[in-house]
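I have placed the structure first, in the form of structure tokens, so that the comments after it can refer back to it.
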Amino acid sequence: MAPPSGLLAERLAALPDRPGVYMFKDATGAIIYIGKATSLQSRVRSYFVGVDSDPKKRNITAEAVDLDWILTDSPVQALRWEADLIRREQPRWNVRLRDDKAYPYIRISVQEPWPRVSIVRRRAADGARYFGPFTDAESVRSTLDTLNRLFPFIPMNCPRKITGTDERACLYRDIKRCLAPCIGAVTPEAYRVLIADAIAFLEGKQQEALDRLRAEMEAAAEALQFEQAAALRDRIRAAEKIIRQHAVVSQSRVDQDVIGFARDGGQVCVQVFYIREGRLVGRDYFPLEGAAEADDRTIVTSFVQQHYGAATRLPEVVLLPAEPEDRKTLEQWLAEQAGHRVRLRVPRRGSDLRLIALATENAREALERQRVEWLSDSARTTGALLELQEQLGLSTAPERIECYDISNIQGAHSVGSMVVFEGGRPKKADYKRFQIKTVEGANDFASMAEVLTRRFKRLREGQMARAQDPGAAPDSGWDKVPDLVIVDGGKGQLNAALQVLASLELFAIPVVGLAKEHEELYLPGCAEPVRLPEGSPALFLVQRIRDEAHRFAITYHRQLRGKRTLHSRLDDIRGIGPKRRKALIQAFGSWRGVKAASVDEIAAVPGMTRRTAELVKAQL
């Protein structure tokens, strides 16, 4: 790459060998990227050495015409200012939390005589306690509702000024959602204990809150205040039920957060598990922007900076899926934020690594939910269809899209799936599934040809039937002509599909092959595949259709494999014929169901005896 010239070259020459924050700017003066450095001089100049191997650096340096920087006292201060500037400026080439300014917090006004609990969108240095940020306002409201049942603090929508001299309490006292400080039914000291318990619960210290509730209950019982003791007992039982619902996921009693992330095309989603005293007390997901070309280390580092820069309470340990950049500086900064030591760990084995894998799996599901929700917007799906029409050179927007996939394990139990999307949304009534009948072994090309032959032969027969009898009834979706056919695979599957359609004289139906590795679309007669732009509506739609076809095929494959495994095992047991085998399958549904059932449960199946049930149990 040619060295920079003009103003940018002058700026580079003047860079000091000091820690600080640097900002690349484009021709309009807008900041396009913000970074931190222990040495501004060496870090920024590295962007212009060997950038061809790094597409993100190549894009930044191609756009940048100016450079600015801020000197700091230390690398930790540079990291803190970098996070603040990214949050404020939102540069296009930085990895950043999406809409992080809109994330809600739970606020408890502990600085007031009668603390109140509310939901706010911004933190303030006002002495109140804040919890968050959360990504889902609905889940925050649900959390507060549950908390208010356990600890009946003043309801969020209560308009009264607390004086203790009101003549009557409101309905919230009757339904046990408020201790009625408005009429003096609770002292300020007792109310603060209640608020302290609520805070402990939000911090994951449920046992601490429970112990205090039990002590109050015993004291009330000894004082013969049985009504108060009964109310405390009910709150303890409700709290214990909630604690039981929080799974024990770690033998360690150290508070820790577990981070996993998933990416699909240009989209990245981070999942965080909050584990307190060994229990999973909450989780949240955070979509990221500007992460399409970022590597794993950059994603992890950027998320830790921005999330914990806004977080209200930090754990002792954060488990990460990848090594962050400059871990030592990051841990120093986190310790300043938290007021205690925070360790960043990348587990390599054991239960901690399994937690990372579970968080990653949840991140994938969250990413898929976002994509489904995104595609549920009719304006977006219309745009996706129009973009797909343009990219593939179709004569019309593909209103009806059919996608086909093959599933097998080393050629066993081969099945095919057909999923249908109309108007950009799944039409499950038209889904079809196929058992492969004519192909031996793992031959995806031949299996695809069989599936397409059976599907489009039905279409051709329906067309011929309507030609002879225009009043003929429709054939359950088989007689509908797709505007686009997608076969999961590359050129081989595409050629198989083209041969089938040609043999049935269905030349007008557009077909493309979707290669799995790079999500490239192969078109008939084109040597080079079409790559849809990352993050585009058309790519989202194609990915969603492909994933649905794959899911539908895998589900059917597992069902067949389970039934056939069960059949073969039962056939080997003396006294189990077709009728008893069918009755067992109907009763327990799967191989695992029969294996898990007791002898008494198996014997209770119609047609079974206890002796035969014992034989089944012993064999399985």
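The values are calculated or read from the model by the stated rules, or taken from the named source; none is laboratory data. In this text, all values refer to a predicted model and were calculated from it rather than measured experimentally. Every residue, glycine as well, gets a Cβ built from its backbone with ideal geometry; the counts of neighbours run over all protein chains shown.
Between Leu566, Leu514, the distinction of being at pLDDT 85 or above and either surrounded by 13 or more Cβ atoms within 10 Å (Cβ to Cβ) or out of contact with any strand residue (DSSP E or B) (no Cβ under 9 Å at 6 or more places or on another chain) (or both) belongs to Leu514 only. Against the test of being closer than 20 Å to Val300 by Cα and either at pLDDT below 90 or not basic (Lys, Arg) (or both), the options Gln41, Gln77 yield a single qualifying residue, Gln77. Return yes or no: is Lys428 closer than 18 Å to Ala553 by Cβ, free of Cβ contacts under 8 Å to residues at least 12 places away in the same chain and under 33 Å from the mean Cα position of the chain (by Cα)? The answer is yes for Lys428.
Residues are listed down the side, and each one gets a yes or a no for (1) under 22 Å from Gly424 (Cβ atoms); (2) touching a Ser or Thr at 6+ places or on another chain (Cβ under 8 Å); (3) modelled with pLDDT of 90 or more:
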position	(1), (2), (3)
Ile486	yes, no, yes
Pro510	yes, no, yes
Ser536	yes, no, no
Phe540	yes, no, no
Ile576	no, yes, no
Lys582	no, no, no
Ile585	no, no, no
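Within segment 104-157, the set of residues being of a type in the set (Lys, Arg), touching a residue at least 60 places away in the same chain (Cβ under 8 Å) and assigned to a strand (DSSP E or B) comprises just one member, Arg129. Any residue in segment 151-164 that is closer than 16 Å to Ile236 by Cα, surrounded by 18 or more Cβ atoms within 10 Å (Cβ to Cβ) and in contact with an Asp or Glu (Cβ under 8 Å, 6 or more places away or on another chain)? Yes, that holds for at least one residue.
Entry remark, segment 169-196: residues being out of contact with any helix residue (DSSP H, G or I) (no Cβ under 6 Å at 6 or more places or on another chain) and on the phi > 0 side of the Ramachandran plot number 2 in total. Being among the charged types (D, E, K, R) and either within 30 Å of Pro533 (Cα to Cα) or modelled with pLDDT of 90 or more (or both) is true for just one of Glu323, Glu336. Which residue is that? The unique qualifying residue is Glu323. Out of curiosity, is Lys428 within 27 Å of Arg369 (Cβ to Cβ) and either exposed (fewer than 14 other Cβ atoms within 10 Å of the Cβ) or not assigned by TED's automatic domain parsing to the domain that holds Leu532 (or both)? Criteria met by Lys428. Looking only at segment 4-35, filter to residues that are farther than 18 Å from Arg58 by Cα and of a type in the set (Lys, Arg); which one of those is modelled with the lowest pLDDT? The qualifying residue modelled with the lowest pLDDT is Arg11.
Scanning segment 350-363 finds no residues that are at pLDDT below 90 and part of a loop (DSSP other than H, G, I, E, B). Determine if segment 182-201 includes at least one residue that is modelled with pLDDT under 80 and part of a loop (DSSP other than H, G, I, E, B). No, there is no match, as no residue in segment 182-201 is modelled with pLDDT under 80 and part of a loop (DSSP other than H, G, I, E, B). Residues that are within 20 Å of the chain's Cα centre (by Cα) number at least 3 in the following strands (runs of 3 or more DSSP E) confined to segment 267-338: 267-276, 279-289. Scanning segment 401-410 for any residue that is aromatic (Phe, Trp, Tyr) and within 32 Å of the chain's Cα centre (by Cα) turns up at least one such residue. No other residue among Leu320, Leu353, Leu344 is within 20 Å of Gln271 (Cβ to Cβ) and surrounded by fewer than 17 Cβ atoms within 10 Å (Cβ to Cβ) apart from Leu353. Examine segment 384-391 for a residue that is at positive phi and at pLDDT 85 or above, and state whether such a residue exists. No, segment 384-391 contains no residue that is at positive phi and at pLDDT 85 or above. For segment 311-341, filtered to residues that are without any contact (Cβ under 8 Å) to a residue 60 or more places away in the chain and of a type in the set (A, V, I, L, M), the residue that is farthest from Thr38 (Cα to Cα) is Leu314. On the stretch given as segment 417-456, residues that are more than 25 Å from Ala508 (Cβ to Cβ) and not in a helix (DSSP H, G or I) total 10.
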